[in-house]
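Worksheet: the structure to be examined is printed underneath.
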2 protein chains.
Amino acid sequence: MATIDDVAKMAGVSKGTVSSVFSKKRPISQQVTERVLRVAQELGYFPNHLARSLAIKRTMSIGLKIPLPPDGTMTAFDTQMINGVIKECTKQGYRVVLDTLPEQEDPTMYSQDPVDGVILLNPRKNDSRIKRYRKMGIHLVLVGRPDPHDESISYVDNNNTEAAHEVGDYLLRNGHESILFLNAAADMTVAQDRRQGLSEAYRLHGLSLRDECVMYYAHTNGTDYGYMSILNTYGKLSYTAIITDTDRVALGVLRAARELDIKVPEQLSVIALSNDAILAQDMNPRLTSVELSAEKLGDEAAKLLIEKINDSSVHRQVIIPAQLVVRESCSVFC
Amino acid sequence: MATIDDVAKMAGVSKGTVSSVFSKKRPISQQVTERVLRVAQELGYFPNHLARSLAIKRTMSIGLKIPLPPDGTMTAFDTQMINGVIKECTKQGYRVVLDTLPEQEDPTMYSQDPVDGVILLNPRKNDSRIKRYRKMGIHLVLVGRPDPHDESISYVDNNNTEAAHEVGDYLLRNGHESILFLNAAADMTVAQDRRQGLSEAYRLHGLSLRDECVMYYAHTNGTDYGYMSILNTYGKLSYTAIITDTDRVALGVLRAARELDIKVPEQLSVIALSNDAILAQDMNPRLTSVELSAEKLGDEAAKLLIEKINDSSVHRQVIIPAQLVVRESCSVFC
DNA sequence: CTGAAAGCGCTTACAG
DNA sequence: CTGAAAGCGCTTACAG
């Protein structure tokens, strides 16, 4: 590849001039501009992004860290999140470096990532990466709240506690007294928040949430989680409604219900804390669900991060409200 | 952030030595190594990936270009592909820069991407990017075959023509005489290949594929494409079987069938050229489909690209066979 | 085993 | 409007 030096020599100017022609950071005469551009064209010259980054100390790219389970499956939530991040970054001229390594293999363990900042998904309790990034002076935004709470960290999150509260209340008001909750993985902050919200709803109705009615996601794909949970508990535990972690989990629930000849919603109501509106709407019955707006979360996370890159003193939290969307999978008694 | 110079000074050694301690490219005495490491630790020093890349002329990252439609939705195929690419790259120490810009806004228009090579999805007819990358000397691997054919380009692809042939044959052998084909977007090479394969199958059975029985994806989401196509054609066109571009499209078909009270598979058989095995298997009825092994495609593409980065003279094509998986959505007459 | 110096390909005050 | 030179933070022959 031709370099800025080649162009400078061949055009008979200094490389500072060539630089200015491309960056337009200082005015260059029409004549010289044209000559430089012509030579660049001939030589097939394109500015080297890397060298530029080193000089200006900005890479114009951000890292997106999504630790994935060993089987490597992304949920619809993940993909929509990614989309939101990429769209906003692109709009502002940033690239996205996608990382799906588990926490222990994070490349920043050994060297400084070639990015201007990082978006971190699924922060865990006392996430060690948060401390490390701060120490390295890497700008950071979380998707999901930090645990323990820390208002000096920028993050975006759904109002998980409230949303779970609302769903619980909706079900209890409609005559359900016992709900099976197929929650997210136990170590995720979102799982704790949702459990707490549901618990509050029970309390408000003078009831209490029993431990055996809350399960936590582990080691399978979403639909199997839903499918197996029903097979293992139906008839043993008594419940007339189910809240699932995602729409895929609900898909598994519906399959189990078909096989056990349980009518949905007549005998069993299902609500998904969903992340794939299209899927929910095409299921049979159409799924009552809570829209998490994953793309919006990604979009806001990117905005927050870029804001922080431009002014490191800012830190801000944004909460995206989850929306209950009533479709056909819940029985309504009153 | 501390630099290699800071460490060198404070440890009383040259920066070449510090460099060697971290890269282990030349032996450094135990004593010095320990001193340097201790100082680095104290100063919170981490090697700057960017500066290293500039010096060694390698970034250890690759670009993944997935042009997305304006609404920005990725298919399950895309996500699995991405997963395959990321897994293989990670294994070999590469990062992945994800780009979803439309062809016209490709950043390499203006500068050299900070990557060692590029994987390009959905190449179109006479894709202009292919020429540009070659001119810029950027290593390139396609997912999907180049059109026009070019054996000097590395690519991975399914055996789309054969697979469509097989599906067509399967349906025709089982007594279907007219099939509605909800094909991919018209400008994709895969759409042409599949149509040709299906056409051959018809010919072999002494029949011919009529134009009005082939539709092309455009401007909606997958399920709507399936749903609307049935609503618009059922009763007008005569067909007893449908081949859909993806499982999401099949989902829309099933919804339309429910609404029109068409029994699947008794009155209508459905086969999806699928990309989401889990979804296909959880649909009702469970969906007979063709598994595309998107993750495998991504994995192979990454391997091919890294191979090429290490030896630019290689170019190779790999074809991943698509697999027909019979489940419950097709009627079998004989 | 270690150091001094040139080089990777840019940008940016400074000077004119 | 343009040039000369230092600097960004590394690596790597070359020399000892």
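The values are calculated or read from the model by the stated rules, or taken from the named source; none is laboratory data. Bear in mind that the values here come from a model prediction, so they are computed numbers and not experimental data. Cβ sites come from the backbone with ideal geometry, for glycine too, and all protein chains shown count toward neighbours. With ligands, DNA and RNA removed, areas are computed over all heavy atoms of the protein, side chains included. Shrake-Rupley method; radii C 1.70, N 1.55, O 1.52, S 1.80 Å.
What to note about this one:
- Test result for B:A277, within 18 Å of the chain's Cα centre (by Cα), free of Cβ contacts under 8 Å to residues at least 60 places away in the same chain and open to solvent by less than 10 Å² (accessible area, probe 1.4 Å): no
- Note on the stretch A:238-253: among residues that are open to solvent by 10 Å² or more (accessible area, probe 1.4 Å) and touching a Ser or Thr at 6+ places or on another chain (Cβ under 8 Å), the one that is farthest from the other protein chains (Cβ to nearest Cβ) is A:S238.
- Residues of the stretch A:41-77 satisfying the condition of being in contact with a Ser or Thr (Cβ under 8 Å, 6 or more places away or on another chain), assigned to a helix (DSSP H, G or I) and within 10 Å of chain B (Cβ to nearest Cβ): A:H49, A:L50, A:R52, A:S53, A:A76
- Residues (out of contact with any strand residue (DSSP E or B) (no Cβ under 6 Å at 6 or more places or on another chain) and either on the phi > 0 side of the Ramachandran plot or buried (at least 24 other Cβ atoms within 10 Å of the Cβ) (or both)) located in the stretch B:284-318: B:A294, B:G298, B:A302
- Matching residues, the stretch A:13-26, being within 11 Å of DNA strand C (Cβ to nearest atom) and of a type outside the set (F, W, Y): A:S14, A:K15, A:G16, A:T17, A:V18, A:S19, A:S20, A:V21, A:S23, A:K24, A:K25, A:R26
- Residues that are free of Cβ contacts under 8 Å to residues at least 40 places away in the same chain, in contact with a Ser or Thr (Cβ under 7 Å, 6 or more places away or on another chain) and within 14 Å of chain B (Cβ to nearest Cβ) are absent from the stretch A:285-299 altogether.
- Some residue of the stretch B:155-174 being basic (K, R) and in contact with a helix residue (DSSP H, G or I) (Cβ under 8 Å, 6 or more places away or on another chain): no
- Residue pairs whose Cβ atoms lie under 8 Å apart, sitting 6 or more positions apart in sequence or on different chains, and linking a residue in the stretch A:34-47 that is touching a residue at least 24 places away in the same chain (Cβ under 8 Å) to a partner that is away from DNA strand D (no atom under 14 Å from the Cβ) and open to solvent by 100 Å² or more (accessible area, probe 1.4 Å), are A:G44/A:M1; A:G44/B:K135; A:Y45/A:M1; A:F46/A:M1; A:F46/B:Y110; A:P47/B:Y110.
The rows are residues; the columns are (1) polar (S, T, N, Q); (2) assigned by TED's automatic domain parsing to the domain that holds A:G298.
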residue	(1), (2)
A:N126	yes, yes
A:R132	no, yes
A:M136	no, yes
A:P146	no, yes
A:D150	no, yes
A:S154	yes, yes
A:E166	no, no
A:R173	no, no
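- Out of B:T244, B:T220, B:T240, sole residue that is of a type outside the set (D, E, K, R), over 28 Å from the mean Cα position of the chain (by Cα) and in the same structural domain as B:Q267 (by TED's automatic domain parsing): B:T240
- Take the conditions (1) more than 16 Å from DNA strand C (Cβ to nearest atom); (2) open to solvent by 20 Å² or more (accessible area, probe 1.4 Å); (3) within 11 Å of chain B (Cβ to nearest Cβ); A:D113 misses just one of them, which is (2).
- Hits in the stretch A:123-149 - residues which are open to solvent by 40 Å² or more (accessible area, probe 1.4 Å) and out of contact with any helix residue (DSSP H, G or I) (no Cβ under 8 Å at 6 or more places or on another chain): A:N126, A:K131, A:R134, A:K135, A:G137, A:P148, A:H149
- Summed over the stretch B:82-106, the residues that are within 25 Å of A:K65 (Cβ to Cβ), more than 7 Å from chain A (Cβ to nearest Cβ) and open to solvent by 20 Å² or more (accessible area, probe 1.4 Å) give a count of 3.
- A:A191 vs. criteria surrounded by fewer than 21 Cβ atoms within 10 Å (Cβ to Cβ) and modelled with pLDDT of 90 or more: yes
- Qualifying residues in the stretch B:211-228 (those that are more than 11 Å from chain A (Cβ to nearest Cβ) and farther than 24 Å from B:E200 by Cα) - the one most open to solvent (accessible area, probe 1.4 Å): B:H219
- Failed criterion for A:D116 (all others in (1) in contact with a Ser or Thr (Cβ under 7 Å, 6 or more places away or on another chain); (2) modelled with pLDDT under 95 hold): (2)
- When the stretch A:48-73 is limited to residues that are of a type outside the set (S, T, Y) and open to solvent by less than 30 Å² (accessible area, probe 1.4 Å), the one that is farthest from A:G93 (Cα to Cα) turns out to be A:G72.
- For the stretch B:1-34, taking the residues that are open to solvent by 80 Å² or more (accessible area, probe 1.4 Å) and more than 8 Å from DNA strand D (Cβ to nearest atom), the one that is farthest from the other protein chains (Cβ to nearest Cβ) is identified as B:Q31.
- Condition met for A:T108 (more than 16 Å from DNA strand C (Cβ to nearest atom), at pLDDT below 90 and not in a loop (DSSP other than H, G, I, E, B)): yes
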